[in-house]
Each structure stands twice: as structure tokens, then as C-alpha cells.
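Read the figures in this text as sums done on the coordinates, not as results from a lab. Quick caveat, the model's predicted, so the values are computed rather than measured. Using ideal geometry, Cβ is built from the backbone for each residue, glycine included, and neighbour counts are taken over all protein chains shown.
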Amino acid sequence: MDIEAETPWDSTPDISARIVTAIGRIATVLRSGMWEVSLAEGLNPAQAEILQLLQYRTTGVRLSWLAKQLSISAASTSDSVAALVAKGLVRKAKAADDGRATALHLTPEGEAVAARLGHALSFADTAVARLPAGQQQQMLTGLFKLIAELQKTDRFPELRACLSCRHFEANKYPGQEVPHHCALVNAPLPISFLRIDCAEHAPADPLVQRRNWEAFA
Ligand code: SF4
């Protein structure tokens, strides 16, 4: 019987497992950074995230959409929203596209708190910015590809990313160094400029979205 020699690295987890562990650790550090600033503002993490999700969404959002983004139940989302309304940070209004539905908006005070929360992760931004530009671009591409894979499992909430935007024209310039295009600004869109959360985003047809993410994965 062949017995394979043991090496000192036999118990090392696969690289995929170590990447997931690293992302998980980074997420914990980011969460604790956000937690600190949220506490200082008198908010719990879900409330802080709701304020950030409402930021730059001038047409307002529905409660069900928020629950999906937060991956929590509609009832828990409703409790958090009620607390934010009581604090004067969120207001409810009739949805522009359906008078019977309610849309949630930030109040001016909510806008100010959301802006302060936006600086909570600047320590991580500084750390990433210290990496060489090429490595940052590789990392961004790798993260987009990972998100594209996760989108296939329906586990990733909707993003205002270029790949799901109706202004995004994939491979408009095939074979070119910058193959993609943003029709909104009518300019080629380099990978390093692809956005994950763009205020001008308009959802593309679901089939086109899936095709774009799959082409990228
Ligand atoms: S930059 Fe904004 S508007 Fe342009 S394709 Fe990306 S998400 Fe859409």
C-alpha cells in the first residue's frame, strides 16, 4: 500500500477557506468600527445601517426592500424604522409610484447622522489606499467576481452596481483595454471605475443583470 509522506502543510485549509476566513475577520473589524460610531450616535447597528441605506436614495425606499438589504425580518426592520422615526431621523411619505404604499426618507437630521456614519470606516479606507494601485484594482476585480458568484446563489442583496444598471453597456468596445461603457455619462467605463453603490443607478432588466454578472464571474 502506498503511504503518502506527511508534510508540515497537510492541515492547512484550502485557499478558498482561508479567503473566506480573512473576509469574515475583516467584516468583524469593520462591524466593530461601525458599532463604535453608531453607539456614539445613540444608534444600534441595524439603525445605523438603515440610515446609510437611505442616504442618497432621494425617491425613498420601501420597508420590504430594507429588510432584504439587512437580511432580517420585516418585523425587526419595522421596529428599527419606528425607533428612527421617533428620533426624528427618518420620515414616512407616500411612495411616488404608488399612493397607497409608504416610502422611507431621511430627515435633514438623519442626513447629517448618515454623513457622520460614513466616516466610521475611514480607517479601513486608509489601509486599502496604502496598497499599490495595481493590487487595489486586482482586489476590486476579485471582489466583483466573488459577488457575481454569490449572486448566482441568490444570497446577495440587490446592489446599485454598474453590472445591474441599465446605463451599463457591457463590452461595447470588444477587445479594447476599456471594453465597457456608461451611457449615462456617455463614456467608456474602466474596471477600476466600476461602482458598487452608484446614486445614478437605474435597475436594468433582470435578464440583462444576470447576463452581466455571469459574464463577469
Ligand atoms: S456609473 Fe452609475 S450610472 Fe453609470 S453604469 Fe455605473 S451604476 Fe450605472
Note to self: Charges on Cβ only, +1 for Lys and Arg, -1 for Asp and Glu, centred on the Cα centroid of segment 75-217; of VAL81, PHE156, LEU131, which one is farthest towards the dipole's positive end?
What the structure shows: VAL81
Margin query: Using the Cα centre of segment 132-216 as the reference point, and only Cβ charges (+1 on K/R, -1 on D/E), how large is the resulting charge dipole? Debye, rounded to the nearest 20.
Written below: 80
Notebook entry, point to check: Using the C-alpha atoms of segment 55-174, what convex hull volume per residue, in cubic angstrom, is computed?
Noted result: 160
Margin query: How large is the translational diffusion coefficient of segment 24-75 in µm² per second when you combine the Kirkwood radius over alpha carbon pairs with Stokes-Einstein at 25 °C and 0.890 mPa s?
Written below: 204
Note to self: How large is the direction-averaged shadow of the alpha-carbon convex hull of segment 132-216, in nm²?
What the structure shows: 5.5
Margin query: Cut-off is 10 Å between beta-carbons; in what order do TRP9, TRP213, TRP65 appear when sorted fewest neighbours first?
Written below: TRP9, TRP65, TRP213
Notebook entry, point to check: In µm²/s, what is D for the chain at 37 °C and 0.692 mPa s, where D = kT/(6 pi eta Rh) by Stokes-Einstein and Rh is the Kirkwood radius from Cα pairs?
Noted result: 165
Next item on the list: Could you pull out the longest piece of the chain with no exposed loop trypsin sites (Lys or Arg not before Pro) in it, calling a site exposed if DSSP puts it outside H, G, I, E, B and it has at most 11 other Cβ atoms within 10 Å?
Entry: 1-129
Item checked: Distance cut-off 16 Å, percentage of C-alpha pairs in segment 68-131 lying past it -> 63
Next item on the list: With N set to the residue count of segment 15-117, report its C-alpha Rg divided by 2.2 N^0.38 Å to two decimal places.
Entry: 1.19
Note to self: Pick from VAL81, VAL128, VAL37 the residue whose mean-square fluctuation is largest in a GNM of the chain, springs joining Cα atoms under 10 Å.
What the structure shows: VAL128
Notebook entry, point to check: Within segment 1-49, which GluC sites (Glu not before Pro) sit in a loop by DSSP and count at most 13 neighbouring Cβ atoms inside 10 Å?
Noted result: GLU4, GLU6
Item checked: Environment charge of LEU104, counting only residues whose C-beta is closer than 11 Å and scoring Lys/Arg +1, Asp/Glu -1 -> +4
Margin query: Out of the GluC sites (Glu not before Pro) in segment 76-177, which ones are loop residues according to DSSP with at most 16 other C-beta atoms within 10 Å?
Written below: GLU158, GLU177
Margin query: 7 Å from Cα along Cα→Cβ at both THR28 and ALA133: what's the point-to-point distance in nm?
Written below: 3.5
Margin query: Explain nothing, just compute: Karplus ³J(HN,Hα) = 6.51 cos²θ - 1.76 cosθ + 1.60, θ = phi - 60°, for every residue of segment 81-96 in order, whole Hz, x for Gly and Pro.
Written below: 5, 4, 5, 5, 5, 5, 7, x, 9, 10, 10, 9, 8, 5, 5, 4
Checklist line | Fraction of beta bridges assigned by DSSP in segment 60-206 that are antiparallel (%, nearest 5) | finding: 90
Margin query: Which residue fluctuates most in the GNM of the chain (Cα springs below 10 Å): THR58, THR77, THR153?
Written below: THR153
